[in-house]
Structure formats: C-alpha cells, structure tokens
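> Below are the structure tokens for one structure; questions will follow.
The values are calculated or read from the model by the stated rules, or taken from the named source; none is laboratory data. Since this is a predicted model, take the numbers as computed values, not measurements. Cβ sites come from the backbone with ideal geometry, for glycine too, and all protein chains shown count toward neighbours. Each accessible area value is taken on the protein alone, full model and side chains, heavy atoms only, with ligands, DNA and RNA left out. Shrake-Rupley method; radii C 1.70, N 1.55, O 1.52, S 1.80 Å.
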Amino acid sequence: MPVILGIESTCDETGAAVVVDGYDVRSNVVASQVELHAKYRGVVPEIASRAHIENILPVFRESFAEAGVDLSGVDAVAVAHRPGLIGSLLVGVTAAKTLAWSLGKPLIGVDHVHAHLYSVALETNRTPSMPAAGLVVSGGHTALYRVGEGWLDVELIGSTIDDAVGEAYDKVAAILGLGYPGGPVLDKLAEKGDPQSIHFPRTLLGRDSLDFSFSGLKTAVLYHVRGVPGRGQDVKAGGPPELTEQQRADIAASFQAACVDVIVKKLRRAIDQVGAKSVIVGGGVSANRGLRAALNKLPVPAFVPPMKYCTDNAAMSAGLADVYYREGTFSDLDLDAVTYSQFRS
Ligand code: KG4
Ligand code: ZN
C-alpha cells in the first residue's frame with residue numbers, strides 16, 4: 001500500500017495530496033491563485049512563482065493534517081516536473097527534492113499532462129480498456145494521445161497549432177466582458193442560449209489530421225461581436241460591447257457547440273486511427289457540461305475524471321507516481337524542471 005505525497009506547481013495552482021495505492025485520495029489540497037491573476041485575464045508567471053513560494057508550506061501542512069499522516073509515513077515524493085512555467089515548476093521541484101532527500105525517500109518526477117489522463121482512475125480505481133485515445137483539454141494544452149499498454153505508454157498523436165481550447169474559452173469570455181477563468185462562466189451561460197443561433201467555424205485542418213486550431217474560432221467571435229474590419233461594417237472599439245443577456249448566452253452556446261463539435265470529430269478520428277477501445281479525457285475543460293454530454297455518444301466508453309480532479313491538482317501526480325513506484329522507476333535528485341518550449345509531451 002504505497003503512500004505517496006504529490007506536489008503540483010506547474011502553473012497557477014499550488015497543490016499537495018496524499019494518495020494511497022494510486023487511487024485512494026486521503027487529501028487533495030489546492031491553493032488557487034485565480035484572484036491574483038483575474039485582473040490580468042491570464043496567468044502572470046512572476047506573480048505565480050511568488051505565490052507558490054508563499055503557499056507551498058501551508059499547503060503541505062494542510063495536506064498532511066487532512067490525510068492524518070506525518071512525514072515519516074510517506075513512501076515516495078512525487079512532483080509534476082514538466083511541462084509548465086519555469087518559475088512555477090522550480091518551486092514544486094525544489095520542494096519535492098528537499099523533502100525526498102531529507103526523508104531518505106524516493107523522488108518520482110511525472111509529466112503533468114500524462115497525470116491529467118491518469119486522473120480518471122482517482123477514487124474509482126478504474127483502468128480503461130487499452131489501447132485508448134487520450135485527450136487533454138485545458139488552458140495550456142489541447143492534445144490527443146495513444147495510451148497503449150498501460151499508463152506509462154503514452155504517445156502524442158495530435159496537438160493544437162495555436163490556442164488551447166481553455167485559452168479560447170478564457171479569451172472569448174474576455175471579449176464578452178465576462179469573468180476569468182472563462183470556461184466555467186461560458187459553460188453556465190451556454191445552457192441558456194441557442195447553440196444554433198450563430199454558425200461559428202469548425203477548423204478541422206487536413207482530412208486525417210489530429211491537430212487542433214482554435215484561433216480562427218476566437219477571431220470569429222470577436223468579429224461577430226465587434227464587426228469585421230475592412231468590410232464596411234461598423235467596427236466597435238473600446239470596452240466590452242453592449243449585449244443583452246440573451247445575445248451573450250447565444251454566443252456562448254454557439255461557441256461551445258463549435259468547440260465540442262471539433263473535439264468530438266477529432267476524437268472519432270483518433271479512435272479509428274488508434275483502434276481505441278476507450279476514450280480517456282482530462283484537463284480543466286473536461287469539466288465542461290457540453291463536452292461531457294457529447295462524450296456519451298462516442299462509439300467506445302469515455303472516461304472522465306470526477307469534477308474536482310479536472311483542473312490542476314496534486315492527487316493525479318501522486319496517483320500516476322504509484323505506477324512508477326510499483327515498477328521501481330525513480331528519479332535522481334538532479335531532476336530538471338522542463339518548460340513548454342523545451343518539451344512537447
Ligand atoms: O487544467 P487546468 O486547471 O489548467 C491548465 O493546465 O491549463 O485548466 C484550466 C482551464 C481554463 O482555461 C478554464 O477556463 C478551463 O480550464 N475550464 C473550462 C471549464 N472549467 C475550467 N472550460 C470549459 N468549461 C468548463 N466548465
Ligand atoms: Zn493542467
């Protein structure tokens with residue numbers, strides 16, 4: 001029964017979790033920085049790293065207290081060491097190394113995006129039939145994977161060539177003058193709108209392509225709201241446009257329908273190309289109600305994480321580390337923090 005401490009600091013959430021046996025989540029503490037970044041409508045890296053430094057020790061303490069274990073009860077220390085913002089990653093990686101070294105326990109570095117896929121196993125202890133088509137949809141990632149023979153056999157088969165889908169949600173919310181992060185706000189608003197009221201583009205790229213592109217969709221929403229420059233239309237500049245609640249809801253519903261359509265079409269392609277027996281979805285956007293409903297109509301069973309494990313958390317890293325632990329695969333104390341630009345996972 002390995003007891004693993006997980007640490008998350010890849011972006012703007014500081015997390016610590018204690019997970020037993022890879023699925024039994026004894027604690028999962030997340031200190032969100034949303035309020036710090038809200039006024040900038042996106043994550044400011046320097047602010048994020050400073051907040052991680054302030055948050056990490058209180059988050060550790062709370063995680064141990066909630067789990068009812070002390071430091072000596074931990075069998076290994078796991079940390080998401082890639083990909084992410086370098087200053088943010090360094091806080092978690094340094095904390096993990098320090099703890100592992102001082103406790104004399106193994107260190108296990110895991111890939112944050114692979115951990116998002118693993119999150120479907122938390123609490124439930126489910127293992128989807130493999131090979132599976134994996135999809136990670138978040139603010140930083142939109143990517144498809146072939147998950148072959150187990151959780152460590154993960155191969156990238158497609159990714160976004162521009163914006164991530166969560167990023168498109170955040171930007172569209174900004175265009176409409178709504179709050180940050182945009183995903184949950186638009187998801188809620190979409191329920192009151194007509195998804196067929198506006199036809200926004202669905203960018204599918206090549207016929208067999210598993211890559212994504214969301215920047216055209218985001219621009220289409222901008223032009224819909226403000227007018228198209230150079231077409232003799234009245235282009236509105238300045239702050240958020242004056243729209244009725246119903247107009248906003250219709251835009252949200254139509255935008256969401258376009259996102260979900262594209263994601264589902266790409267998933268169907270991935271299922272065919274991989275010969276997938278199941279679909280595994282993770283990341284912040286997997287909380288989306290429209291997407292969750294559409295996943296039920298796929299030809300193979302779809303696994304999505306419990307809501308609280310969709311967004312960034314440390315439990316998913318501790319869970320994935322359990323697989324490495326059982327294999328006896330550990331990291332050295334010179335484990336690197338690896339950013340987005342250095343790495344495509
Ligand atoms: O996985 P996550 O916490 O962080 C990254 O690794 O990026 O994902 C955050 C993203 C944000 O862009 C947020 O707007 C989006 O997930 N998100 C949603 C929903 N909840 C969060 N997008 C659509 N619908 C939601 N319900
Ligand atoms: Zn993430």
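> Can you work out which of the residues in segment 109-144 that are within 14 Å of ligand 2 (Cβ to nearest atom) and part of a strand (DSSP E or B) is surrounded by the fewest Cβ atoms within 10 Å (Cβ to Cβ)?
ASP111
Yes/no per residue for (1) more than 16 Å from ligand 2 (Cβ to nearest atom); (2) crowded, with 23+ Cβ neighbours inside 10 Å; (3) not in a strand (DSSP E or B):
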{"residue": "LEU152", "(1), (2), (3)": "yes, no, yes"}
{"residue": "LEU156", "(1), (2), (3)": "no, no, no"}
{"residue": "ASP163", "(1), (2), (3)": "no, no, yes"}
{"residue": "VAL172", "(1), (2), (3)": "yes, yes, yes"}
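> For VAL20, state whether it is free of Cβ contacts under 8 Å to residues at least 40 places away in the same chain and farther than 22 Å from SER138 by Cα.
Yes.
> Scan segment 55-78 and tell me whether some residue there is modelled with pLDDT of 95 or more and closer than 25 Å to VAL281 by Cβ.
Within segment 55-78, one or more residues are modelled with pLDDT of 95 or more and closer than 25 Å to VAL281 by Cβ.
> Then there's this: Can you tell me which residues in segment 3-48 are open to solvent by 10 Å² or more (accessible area, probe 1.4 Å) and farther than 30 Å from GLU167 by Cβ?
VAL3, ASP21, TYR23, ASP24, ARG26
> Let me ask something else about it. Across segment 86-120, which residue is nearest to ILE280 (Cα to Cα) among those that are under 18 Å from the mean Cα position of the chain (by Cα) and among the polar types (S, T, N, Q)?
SER119
> Let me ask something else. Evaluate segment 87-101: report whether one residue or more is outside the structural domain of GLY177 (by TED's automatic domain parsing), of a type outside the set (Lys, Arg), open to solvent by 10 Å² or more (accessible area, probe 1.4 Å) and in a loop (DSSP other than H, G, I, E, B).
No; the residues of segment 87-101 include none that is outside the structural domain of GLY177 (by TED's automatic domain parsing), of a type outside the set (Lys, Arg), open to solvent by 10 Å² or more (accessible area, probe 1.4 Å) and in a loop (DSSP other than H, G, I, E, B).
> Ok, one more. Considering each residue of segment 174-189, count those that are open to solvent by less than 30 Å² (accessible area, probe 1.4 Å) and either near ligand 1 (Cβ under 9 Å from one of its atoms) or under 14 Å from GLY139 (Cα atoms) (or both), and give that number.
So the answer is 4.
> Something else about it: Among the listed residues VAL136, VAL120, identify the single one that is within 16 Å of ligand 1 (Cβ to nearest atom) and touching a His at 6+ places or on another chain (Cβ under 6 Å).
Going through VAL136, VAL120 in turn, just one is within 16 Å of ligand 1 (Cβ to nearest atom) and touching a His at 6+ places or on another chain (Cβ under 6 Å): VAL136.
> Determine, yes or no, whether VAL20 is aliphatic (A, V, I, L, M), within 15 Å of ligand 2 (Cβ to nearest atom) and outside the structural domain of GLY177 (by TED's automatic domain parsing).
no
> Moving on to the next point. Could you list all residues from segment 255-312 that are open to solvent by 50 Å² or more (accessible area, probe 1.4 Å) and outside any helix (DSSP H, G or I)?
Across segment 255-312, the qualifying residues are LYS277, ASN296, LYS297, PRO299, PRO301, THR311.
> Inspect segment 49-72 for any residue being among the aliphatic types (A, V, I, L, M), within 15 Å of ligand 1 (Cβ to nearest atom), outside the structural domain of GLY150 (by TED's automatic domain parsing) and touching a residue at least 40 places away in the same chain (Cβ under 8 Å) and give the result as yes or no.
Among the residues of segment 49-72, not one is among the aliphatic types (A, V, I, L, M), within 15 Å of ligand 1 (Cβ to nearest atom), outside the structural domain of GLY150 (by TED's automatic domain parsing) and touching a residue at least 40 places away in the same chain (Cβ under 8 Å), which makes the answer no.
> Against the definition (among the aliphatic types (A, V, I, L, M), touching a strand residue (DSSP E or B) at 6+ places or on another chain (Cβ under 6 Å) and closer than 23 Å to HIS52 by Cβ), how does LEU295 come out, yes or no?
Judged against the criteria, LEU295 is not a match.
Quick grid of which residues meet (1) over 21 Å from the mean Cα position of the chain (by Cα); (2) of a type in the set (A, V, I, L, M):
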| residue | (1), (2) |
| --- | --- |
| GLY227 | yes, no |
| ALA270 | no, yes |
| ALA276 | yes, yes |
| ILE280 | no, yes |
| ALA293 | no, yes |
| LEU320 | no, yes |
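> Tally up the residues in segment 313-323 that are among the small types (Gly, Ala, Ser) and either outside any helix (DSSP H, G or I) or closer than 23 Å to LYS266 by Cβ (or both), please.
Number of matching residues: 1.
> With respect to GLY177, is the statement that it is more than 15 Å from ligand 2 (Cβ to nearest atom), assigned by TED's automatic domain parsing to the domain that holds GLN246 and part of a loop (DSSP other than H, G, I, E, B) true?
Yes.
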